[in-house]
């Protein structure tokens, strides 16, 4: 890992010196608000009961556990995407993209380095949100830690895979906000973070299945809430990691041309 | 395997920007058009042209950052497209301005990180970082965050970054832009030493005196095409620009003045008479040949007493401006 570890160290140095506290507060606040509102709605409106429809489509009556896992996963996914997908456009904005591209280091280990640092930071942020959820009484039994760890790893691969083509799009069009928020809206709507995807119309449900987070979330919930062993979540894990690998491969193919477009747009004389 | 950087018919056409719901504009003129160059190891080669001539595009293609539309470029026989990764190990690029380094890292951390990207062995890297920090005069500021550096300090760090992989070929795109005069002079010394040690250097600069001082060979491009090549002296001589010989007399000497007029008419030189700030008569001859010897002989034979003679040969800058005006 001649490039990944130095890149992870570089990002740690920079993050410790200029930690984006506003991002952190904003992200944790969103997660806390999601769980808090779900708590209020569940008790004040639902009277502590879920509908038969939710029970059938979501496969659980533990609405708060369902929402907490979804909110944690959404927080994890958005933060990871923000770190990894925006790595290169940030280099471009800071004027260091060309010095990166001049070096013989490959893109994948560079992005893995960014991803490793992002993973550790994001896990800490998600932990703060989960601590709040547990404090208000949400139960996350996770009886098989191995299944849960495998699910987290698969979701990590999936989010990393999704971030790479997004990075290529960002440096191609020279824009990050519209690109990232389009993905975030799509993920939030289609992947089942706060409600079961089965409640969506069929075309949207199929579209959601094309995003690896949908199967990753199923595996996460099964492992965290439903006492599922590794064997039971394995099909979803494979779909999640496999789709993530497909997005990753596509992204790596796109990155080279995208980088040249970015350099070209950077100026020629 | 041919040594050096060699290009054959190198051409780059940038596609016009696409606009939604608008007709695509016609294809623009090439930024670089059929350029054939040779940059040997162990020498500084200049690449000159006016703004928009295609210098930076050429350098970015040689640095593997852009792909040629047609034509080839090789570095020690390695193709810049097909063997891009291997080419990157042998080259580096230093561009003017203070970017290309990380603002929230120290100077030493920046060099350490870029050394890792070039896979420089750990023991070598530590020694090289110290040497480079000394070379660019940043040893004392090595532990300071780059965001606290002055513009000149950032540019010096960028120069150290460009040398971190001990490149066999160095592409310098306006490297002294924004540098203080003493630092720019030191950098010129470094570039000359690098070339002496075998590094092939390609230099673009708006400071033509810098090019004249450093370059053994210069390529002049205009609108992406090669318009002239040769040593600075050859380029200057080729344009037949005038030498300017300025002779100051100690006192008015009508016979000498008349003899100078005759010399100017005979040689077809442009002549101008005036006085210097101390009120002494002064004559200036402008001619493609250096007429200093003939002028002084003529004045002395006509009984004139010479206070001062100054010869100003045409410079590379004069030659480039003359080529641009054609």
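Please check which bits of the range A:104-135 a label hung off residue B:86 would reach, taking the label as a point 7 Å along Cα-to-C-beta and the cut-off as backbone N under 20 Å. So the set is A:104-107. A protection proxy built from the mean count of other Cβ atoms within 10 Å ranks the segments A:181-193, B:207-219, A:14-26, most packed first, as B:207-219, A:181-193, A:14-26.
Here the gap between residue A:249 and residue A:43, fully extended at 0.36 nm per residue and compared with their Cα-Cα distance, gives a gain of 69.7 nm.
Of all DSSP beta bridges in the protein assembly as shown, what percent run antiparallel (nearest 5)? Bridges in the protein assembly as shown that DSSP calls antiparallel: roughly 70 percent. Note on B:114-122: average number of Cβ atoms from other chains within 10 Å of each residue's Cβ is 5. The order of the peptides B:251-262, B:226-237, A:76-87, B:62-73 by mean Cβ neighbours within 10 Å, most packed first, is A:76-87, B:62-73, B:226-237, B:251-262. Under the criterion of Cα pairs below 8 Å and six or more residues apart, the relative contact order for the range A:4-265 equals 26 percent. In chain B, Cα pairs under 8 Å separated by at least six residues give a relative contact order of 19 percent. The label-point distance for residue A:128 and residue B:307, in a model that sets each label 7 Å from Cα toward Cβ, rounds to 8.0 nm. Compared with the dominant principal axis of the Cα atoms in chain B, helix B:316-325 is inclined by about 90°. FRET efficiency for the pair residue B:273 and residue B:185, taken as 1/(1 + (r/R0)^6) with r the Cβ-Cβ distance and R0 = 45 Å, rounds to 0.70. With R₀ set to 60 Å, the beta-carbon distance separating residue B:131 from residue A:194 gives a calculated FRET efficiency near 0.55.
Coordinate-derived values only; no laboratory data. If you're wondering where the values come from, they're calculated on a predicted model, not measured in any experiment. Backbone-built Cβ (ideal geometry, glycine too); neighbour counts: all protein chains shown.
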